[in-house]
């Protein structure tokens, strides 16, 4: 299923599919925009099905509730909320408009691609592990952005090739990127979430 979300400063398109035989996709995502910042977060619950979805949704509920806080604080709150749950891998992107800076926070194998307005690509290296209420080590990084900056987040239900990355660089819109990648995702039998965003 493809969803399109238009915020005032960021255009978003997303694709989700669940593993065959499961009622729910075990991933969850959220986007939040205020006058000062924009957040896109993706969580992949461990395993699949209802239990995975419950963990992922719980993490995203925390992001929605505490979106005004900084990225490390949101990650810590997600971790505490996941005590005695399956756990998740997660990436949070928080773009501060006045500073023209994106803060990347991550633990686990959520794929992230950041493409500048000049077409220069960065791929932050995720931190190993997952969060489930125990002590964890997240990865934090800062990236500058300008109008025309693109980003892509995906769970591990799809592999993004070099050719896909080159295609995304020249994509005209998030919806074009998602339409292209969703065709590929349908060849995989796994929970899959792909989110594409353009800062306008």
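Nothing in this text is a laboratory measurement; each read-out follows from the coordinates by a stated rule. All figures in this text were calculated on a predicted structure; none of them were measured in a lab. Neighbour counts are summed over all protein chains in view; Cβ atoms, including those assigned to glycine, are modelled from backbone coordinates with ideal geometry.
Of note:
- Dividing the convex hull volume of the alpha carbon atoms of the stretch 115-178 by its residue count gives 125 Å³ per residue.
- Entry note: the stretch 39-111 has Rg to Rh equal to 0.99, where both radii use alpha-carbon atoms and Rh is the Kirkwood radius.
- The chain - percent relative contact order, Cα under 8 Å, separation 6 or more: 25 percent
- Helical content of the chain, expressed as a calculated mean residue ellipticity at 222 nm, amounts to -7500 deg cm²/dmol (DSSP H runs of 4 or more residues, -39,500 (n - 2.57) each, divided by residue number, nearest 500).
- Going from the fewest other Cβ atoms within 10 Å to the most, the residues 15, 97 appear in the order 97, 15.
- The Cα center of the stretch 42-69 and the Cα center of the stretch 122-187 differ in position by 18 Å.
- The stretch 2-199, Cα convex hull volume normalised per residue, Å³: 102 Å³
- Solvent-free Debye scattering, log10 I(q)/I(0), computed from the Cα coordinates of the stretch 75-163 at q = 0.11, 0.14, 0.16 Å⁻¹: -0.35, -0.54, -0.68
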